[in-house]
Amino acid sequence: MASFVPYHRSFASCSTSVSDFSSRASSSNSSGASTPSSPTFDLSPLSSRFDFEEPCTGRCNAVIFDLGDVLFTWSARTKTSISPKLLKKILRSASWFEYEKGNVSEQEAYDTAGREFDIDPAEVGRAFQDARDSLQRNPALISLIRELKEQHGIRVFAMSNISAPDFEVLRGKAAPEEWDMFERVFTSAAAHERKPNLGFYKHVLEETGVDPLSTVFVDDKLENILPARSLGIKGIVFDSFDTVSRQLRNYCGDPIGRSQAWLKDNAKKMLSVTNTGVTVYENFAPLLICEATGDRSLVEYVEHPRLFNFFIGGPVMTSEVFPFDLDTTSIGLTVSTHVDHETKMGVMDEMLTYVNKDGIIQTYFDPSRPRTDPIVCVNVLTFFHMHGRGSELSLTLDWVYSVLQHRAYLDGTLYYVGGDAFLFFLSRLLSVSPTVYQRFAPLFARRCFERSGADGDALALAMRIIAGAAAGVRMYIDHERLLRMQEEDGGFPLGWAYKYGGSGILLGNKGWTTALAVQACKAFEALDTEIF
């Protein structure tokens, strides 16, 4: 789900703040000079047509755990004639539910199960005693709970469908100090209600006083998670410890802080790799990491005096002589501050000699390589508009609008992967040019809205969220999915960003993915708390 919020967000460079770029946008127009000074762009007409209320996505301060198959494991295999399948059928029967809710005694439950399933009630009792004997605590999860309480001061509760006799057995399976980690344990027997009935969740919320929007519920069954989510509680289906650990750290901790720590720990070591496992030393990703973080110390790239080359130290997996390109040059001269204004003007003059007969800017400073890519066009346009020369590429801009209008970008481009890269780089252009923003914003916002919930890796989701934020589109589902992808080390998994035009070999960089994920989370939080 996505919703519109009247908001505009600009991008940052290694040495320039977001506000600096906004001010540059106000004074840069299609014909003026590049002297900064800045407006705020208004999307309120858009937001009035998409007034959706979304839950807050702030840090969680309470966690509610299921007991069975989460904090404790057990086996349905018994020494009796009752098969695991049959035992689970008994557990799913309406009469057993009444036992779990404390409405019938233990013997009555066994007698009823015996009648319903044509089994000796004593055999039912023996089977459940075997199941009780098999109960084992989950020490890894208990250690995680202790860690989260110590580091983040969260409140911890338990909530379980369990009879009173079974709960008494369960209490003996863990040490008293482990039970003391729970502020309260809510059982279906005591509440006379059970999951997935809403009444049980409402009872727990009322008794604890926790804010459902700041609470996480962990259960092994989706049918129990869904009602919790319907009340605003964040839900985690327990499918593996690693998944739950990662998601709890992100919900209760600081995903941005963890990512920033990862970036610092891996400074100048964030190299790009191909989907064939080859390491590539290149300038493009480091420049964009620098832009996203504003921290030049994190990366190494070649500060070319004029034109930039994609590769560092020679090309890899392509021709022996690889020309300088307009794409990397535009990014380099947009992000880095080591090149003076006069040199940039000269580079733009040279770029204009690589416009084809359709009026569209090309990719390489090499007439023998005529290549056209709309994202390359967008990056060149951003460079030109930042310096007041956007009107000199009006036909290129028209074509970019046509690509946006007809969704020509959805399957990626010649050099870029997927449909979100185009929107991300276009958001950079919109952030520096009020004239382009005015023309593109309504359509751009709709195209961002259309991407909500689409498939994508971590990089694609981060790009999508950033693009949406630039247009006031709040990508709620995509933000949730992105957070769930954060790895234990604090970084985000490498996403495929661009590709070799001839072979289609993909390139990605975990550092850039992580840097954009931080930027995306910050942009989303700004919308989420209505800090405009």
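Some observations on this one:
- Note on the range 276-348: the C-alpha convex hull projects to 5.4 nm² when averaged across all orientations.
- The range 97-209: C-alpha gyration tensor shape, a/c 1.5 cut-off, then a/b vs b/c: oblate
- Solvent-accessible area per residue, Å², over the chain with all protein chains present [probe radius 1.4 Å]: 40 Å²
- Per residue, the convex hull volume that the Cα atoms of the range 252-411 enclose (Å³): 161 Å³
- Comparing the range 189-345 with the 2.2 N^0.38 Å rule of thumb, its C-alpha radius of gyration ratio is 1.67 (two decimals).
- Net charge, residue 325 excluded, C-beta distance under 12 Å - Lys, Arg +1, Asp, Glu -1: -2
- Protein accessible area in the chain, 1.4 Å probe - carbon and sulfur %: 50 percent
- Rg and Dmax of the range 58-121, both derived from C-alpha coordinates alone, stand at 15.4, 53 Å.
- Rounded to 10°, Cα long-axis angle of helix 255-265 versus longest principal axis of the chain: 60 degrees
- Each residue was assigned an accessible area with a 1.4 Å probe, and for residue 72 the value is about 10 Å².
- Of the beta bridges in the chain, as assigned by DSSP with both residues counted there, near 50 percent are antiparallel.
- Here, P(r) means the percent of Cα pairs in each 10 Å bin from 0 to the largest distance; for the range 243-283 it is 24, 32, 32, 12.
- Restraint check, 344/510; 101/173; 79/101, Cα-Cα greater than 24 Å: 344/510; 79/101
- For residue 497, nonlocal amide neighbours, meaning residues 5 or more places apart or on other chains whose placed amide H falls under 5 Å from its own, are 507, 508, 509.
- Using every pair of distinct Cα positions in the range 469-532, the Kirkwood expression returns a hydrodynamic radius of 13.2 angstrom.
- Kirkwood estimate for the range 222-263, i.e. one over the average of 1/r between Cα atoms, Å: 11.6 Å
- Equivalent ellipsoid semi-axes - Cα gyration tensor, the range 86-137, angstrom: 17, 13, 10
- Phi-based couplings in Hz for the range 298-313 (Karplus 6.51, -1.76, 1.60; Gly and Pro marked x): 7, 9, 10, 9, 7, 7, 4, x, 8, 8, 9, 10, 4, 8, 10, x
- Residue 408 paired with residue 240, simple spin-label distance in nm, labels 7 Å along Cα-to-beta-carbon: 4.2 nm
- Global form of the range 140-204, assessed from the alpha-carbon gyration tensor, a/c cut-off 1.5: oblate
- Coupling constants for the range 400-416 follow from the phi torsions by the Karplus curve (6.51 cos²θ - 1.76 cosθ + 1.60, θ = phi - 60°), and in residue order they are 4, 4, 5, 4, 5, 4, 9, 6, 5, 8, 4, 9, x, 10, 4, 10, 10 Hz; glycine and proline get x.
- Two-decimal log10 I(q)/I(0) for the range 368-496, as the Debye equation yields it once each C-alpha is a single scatterer, q = 0.10, 0.16, 0.19 Å⁻¹: -0.32, -0.78, -1.03
- Which listed pairs, of 357/499; 221/522; 149/264; 269/499, have C-alpha distances above 23 Å, in listed order: 357/499; 221/522; 149/264
- Considering all C-alpha pairs of the range 171-243, those separated by over 14 Å amount to 65%.
- Amide H partners (placed H, <5 Å) of residue 155, local residues excluded: 62, 63
- Cα gyration tensor shape for the range 422-532, rounded if a/c is under 1.5, else prolate or oblate: oblate
- Using a cutoff of 8 angstrom between alpha carbon atoms and counting only pairs six or more residues apart, the relative contact order for the range 398-532 works out to 24 percent.
- The mean sequence separation of alpha-carbon pairs under 8 Å and at least six residues apart, normalised by the residue count of the range 67-169, gives a relative contact order of 38 percent.
- Tilt relative to the chain, helix 198-208 - C-alpha long axis, 0 to 90 degrees, to 10: 80 degrees
- Looking at the range 185-237, none of the trypsin sites (Lys or Arg not before Pro) sits in a DSSP loop with at most 12 other Cβ atoms within 10 Å of its own Cβ.
- Under 5 Å between amide hydrogens, built in the peptide plane, is the criterion, and for residue 217 it picks out 64, 234, 235, 236 among residues at least 5 positions away or on other chains.
- The chain - Debye-derived log10 I(q)/I(0), Cα point model, q = 0.09, 0.10, 0.11 Å⁻¹: -0.72, -0.82, -0.93
The values are calculated or read from the model by the stated rules, or taken from the named source; none is laboratory data. None of the values given here were measured: they were computed from a predicted structure. In this analysis, Cβ positions are derived from the backbone assuming ideal geometry, glycine residues included, and neighbour counts consider all displayed protein chains. To get the accessible areas, we keep the full protein, side chains included, count just its heavy atoms, and leave off ligands, DNA and RNA. Shrake-Rupley method; radii C 1.70, N 1.55, O 1.52, S 1.80 Å.
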